[in-house]
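The values are calculated or read from the model by the stated rules, or taken from the named source; none is laboratory data. Keep in mind that this is a model prediction, so the values were computed, not measured. Neighbour counts are summed over all protein chains in view; Cβ atoms, including those assigned to glycine, are modelled from backbone coordinates with ideal geometry.
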Amino acid sequence: MNLNDLPAGANTDHQLTIAGKTYDSKLLVGTGKYKDFQETRDAIVASGTSIVTVTVRRVNIGQHQDEPNLLDFVPPGEFTILPNTGGCFNAADAVYTLQMAREMLGGHALCKLEVLGDEKTLFPNMPETLKAAEALIKDGFEVMVYCSDDPIQAKMLEDMGCVAIMPLASLIGSGMGILNPWNLSLIIEQTQVPVIVDAGVGTASDAAIAMELGCDGVLMNTAIAKARDPIRMALAMRDAVRAGRNAYLAGRMPKRFAASPSSPMAGLAT
Amino acid sequence: MNAIQIELNGRPHPADANYTLQELVAKLGLSGKSLAISINREVIKRSDWSNRRLKTADRIEIVHAIGGG
């Protein structure tokens, strides 16, 4: 067999379907913390992502009105823009922020809800997250939700109608990797909508581990933006997500404590 | 024309009475940009900017997209 003759389906399934729409990558990338908009764009293109998160903030009145806008570099025609509620600490602010974002983006419904608990941990405030999710869904939003890695809360959010469950793997921006694979596995096992690890990925192996657990996708920002070479790290993340997905589908060998020679012992020339 | 005082992105800001949101946006040099605007936390659709007039003490917020994760 040549590489071109791989059986049908052997290297597919790298797409991601959310709320009935299919995207060409299982990697979602944030736009914060880059050196400038050009680097933001270059990293995003290198990552192969289709979905790009942005946040919503007040315009600086009277200053630099001709300065470039983020959306000029990652235009909504080229990427799906996923507005988030970063910086919101209660349900009311999160709902208002996404209503503003929806108007800004011409009415598109897909959004990323995150309601934070405190500035030290940026852990989600789950009671407020549930409250905001309910209000947003009622208002017609398609809610992808940042949440704790608690299967009970994840189930509540899914039952409510969230279109993707996005538990943290470790603290936002910490780069600490996948700290509780068991909880993530419980969530993956029970959830019918996509499960996307959101937060904590630090390097390519973390993304691969998330995908090997059976996640449907990974969302990251700092791991790419704060790498020494963000463009190269974006390439690494693209490959890691694909590698992890293929490894998950291929099914890993069982672990064993004893060695098992790969070369047969019989017939050794002595 | 009478001047009124509004709050714009958290700061006091003078405006002409009877200004529409559209006129405010133009005066700020923000026409044609990707924005959203609220008055007193009510999101105002772009199509309504030209018939929504400013009133004294209105709290206006104008937002745009910036980098975030």
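Residue by residue through the stretch B:45-57, note down the ones that are surrounded by 20 or more Cβ atoms within 10 Å (Cβ to Cβ) and at pLDDT 95 or above.
Here is the first cut: in the stretch B:45-57, the residues surrounded by 20 or more Cβ atoms within 10 Å (Cβ to Cβ) are B:54.
Passing the criteria: none in range.
Within the stretch A:13-87, which strands (runs of 3 or more DSSP E) (wholly inside it) include 3 or more residues that are touching a residue at least 24 places away in the same chain (Cβ under 8 Å) and away from chain B (no Cβ under 12 Å)?
Working: elements: A:16-18, A:21-23, A:27-30, A:51-58, A:80-83.
Once the strands (runs of 3 or more DSSP E) in the stretch A:13-87 are filtered for at least 3 residues that are touching a residue at least 24 places away in the same chain (Cβ under 8 Å) and away from chain B (no Cβ under 12 Å), what remains is A:16-18.
How many residues does the stretch A:131-177 contain that are buried (at least 19 other Cβ atoms within 10 Å of the Cβ), out of contact with any strand residue (DSSP E or B) (no Cβ under 8 Å at 6 or more places or on another chain) and among the aliphatic types (A, V, I, L, M)?
Matching residues across the stretch A:131-177 total 1.
Can you name every residue in the stretch A:224-262 that is part of a helix (DSSP H, G or I), touching an Asp or Glu at 6+ places or on another chain (Cβ under 9 Å) and in contact (Cβ under 8 Å) with a residue 40 or more places away in the chain?
A:A225, A:P230, A:I231, A:A234, A:R245, A:N246, A:L249
Could you list, in sequence order, the residues of the stretch A:37-75 that are closer than 22 Å to A:A94 by Cβ and among the hydrophobic types (A, V, I, L, M, F, W, C)?
Going residue by residue through the stretch A:37-75, those that are closer than 22 Å to A:A94 by Cβ are A:51-59, A:70-71.
Correct list: A:I51, A:V52, A:V54, A:V56, A:V59, A:L70, A:L71.
What about B:E61, is it loosely packed, with under 14 Cβ neighbours inside 10 Å, facing chain A (nearest Cβ under 10 Å), at pLDDT 95 or above and under 12 Å from the mean Cα position of the chain (by Cα)? Let's see the steps before the verdict.
Working: loosely packed, with under 14 Cβ neighbours inside 10 Å: no; facing chain A (nearest Cβ under 10 Å): yes; at pLDDT 95 or above: yes; under 12 Å from the mean Cα position of the chain (by Cα): yes.
So B:E61 does not fit the description; no.
Can you work out which of the residues in the stretch B:39-69 that are touching a Lys or Arg at 6+ places or on another chain (Cβ under 6 Å) and aliphatic (A, V, I, L, M) is nearest to A:A199 (Cα to Cα)?
Restricting to residues being touching a Lys or Arg at 6+ places or on another chain (Cβ under 6 Å) and aliphatic (A, V, I, L, M), the top hit is B:I66.
Is at least one residue of the stretch A:89-100 in a loop (DSSP other than H, G, I, E, B) and modelled with pLDDT of 95 or more?
There is at least one residue in the stretch A:89-100 that is in a loop (DSSP other than H, G, I, E, B) and modelled with pLDDT of 95 or more.
For the condition over 10 Å from the mean Cα position of the chain (by Cα), more than 10 Å from every other protein chain (Cβ to nearest Cβ) and of a type outside the set (A, V, I, L, M), what is the one hit in B:S34, B:S50?
When all the criteria are applied, what remains is B:S50.
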